[in-house]
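Report on the structure given below.
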Amino acid sequence: MLLELKRLEISPGERILLKDVTWDEFEQILEELGEHRASKIAYHYNTLEIMNPLPEHESNKETISDLIKILLEALDIEFYPLGSTTFKNKLMQQGIEPDNCFYIENEAKIRGKDRLDLTIDPPPDLALEIDVTSRTHREIYSLLGVPELWRFENEELQINVLENGNYREVEYSPHFPNFPLKKVIPKYLNQVKTVGRNKTMKAFRKWINEQLQS
C-alpha cells in the first residue's frame, strides 16, 4: 500500500478514499507521509481520506486563525494553537487533522508536551475546519470529544458545540459569548481581500476594544 501511495499524485482540491485500512497501516501511512506535507488526513473506522487543499482553503484558514488568536490575546486568555496536528485515538479507531485547533481551558494540561495521546490527554477545546472542496468530519470530532467545532463554508461561519455526543449549531461561541462572530468573521475575512491583511487586523483589534468598552 505504501508503494502505491508514493505513486499517487493528489492535485489541490482533490481527495482519495482508501477502504479497509487497519490501524497499523494507518500509523504506517502517517509515518511514510511525514509531518511536513500539504495533504490532510481523516481516519474513521478503517476508512482513510487523504485531501490536498486549495490555496483558497489555506488563505481562509490562516486569516480566521489569526482573528481567533487576536481575540484570545485581547481577552488575555492563555491558549496554545496546534495547527493541523494529527489527533488520533486507537481505542476509538479515529484520527483527524483539523485546519487549526486551540487548547484554551486545557492549555495548562498540554503545555510543553511534544507528543499528545488522546487516550490520556484532552482533545483541543476549539477546532477549525474550512470546507472548500471537502466536508468536515463531525462524527470524528464528536467521538474524540472536541467541545467546540467551527466550520467555514460558502462565506458563512458555523459554530457547533458538543452536547450528549452530537454537535448543535449555536449563535455565539461559548469561548466568546459576547461577540457576534458569525457575522463579524466573514466580514473581516472579505476585508483582507480588499484592503490587505495588516489594515484588516488593525480594524479587528479596534472592533474588539469597542466591544469591550461597551
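Here are a few things to note about the model shown:
- Working note: Cα atoms of segment 155-213, range along each principal axis, descending, whole Å: 42, 28, 13.
- Along its principal axes, segment 54-213 has C-alpha extents of 47, 34, 29 angstrom, given from the largest down.
- With Cα atoms, 0 to 90° folded angle of helix 23-33 axis to the chain main axis: 70
- Helical runs (DSSP H, four residues minimum) scored at -39500 (n - 2.57) apiece and divided by the length of the chain put the mean residue ellipticity at 222 nm at -11500 deg cm²/dmol.
- Taking the Cα centre of segment 54-213 as reference, the dipole from Cβ charges on Lys and Arg (+1) and Asp and Glu (-1) amounts to some 360 debye.
- Cα-Cα over 21 Å, subset of 69/182; 69/199; 40/61; 61/113; 88/113; 40/90: 61/113
- Each residue of segment 185-193 was assigned a 3J(HN,Hα) from its phi angle through the Karplus curve 6.51 cos²θ - 1.76 cosθ + 1.60 (θ = phi - 60°); the sequence is 4, x, 4, 6, 5, 6, 5, 4, 6 Hz, with glycine and proline shown as x.
- The phi-based Karplus calculation (6.51 cos²θ - 1.76 cosθ + 1.60; θ = phi - 60°) puts the 3J(HN,Hα) values of segment 64-77 at 5, 4, 4, 5, 5, 4, 4, 5, 5, 5, 5, 8, 6, 9 Hz, whole numbers, x for Gly and Pro.
- Length-normalised contact order for segment 54-213 - Cα pairs under 8 Å, 6+ apart - percent: 18
- The longest part of the chain holding none of the exposed loop chymotrypsin sites (Phe, Trp or Tyr not before Pro), meaning those outside H, G, I, E and B in DSSP with at most 15 other Cβ atoms within 10 Å, is 46-171.
Where a number appears in this text, it was derived from the coordinates with a stated rule and is not lab data. Note that the coordinates shown come from a computational prediction; the quantities given were computed from them, not determined experimentally. Here the Cβ is made from the backbone with ideal geometry for all residues, glycine too, and neighbour counts use every protein chain on show.
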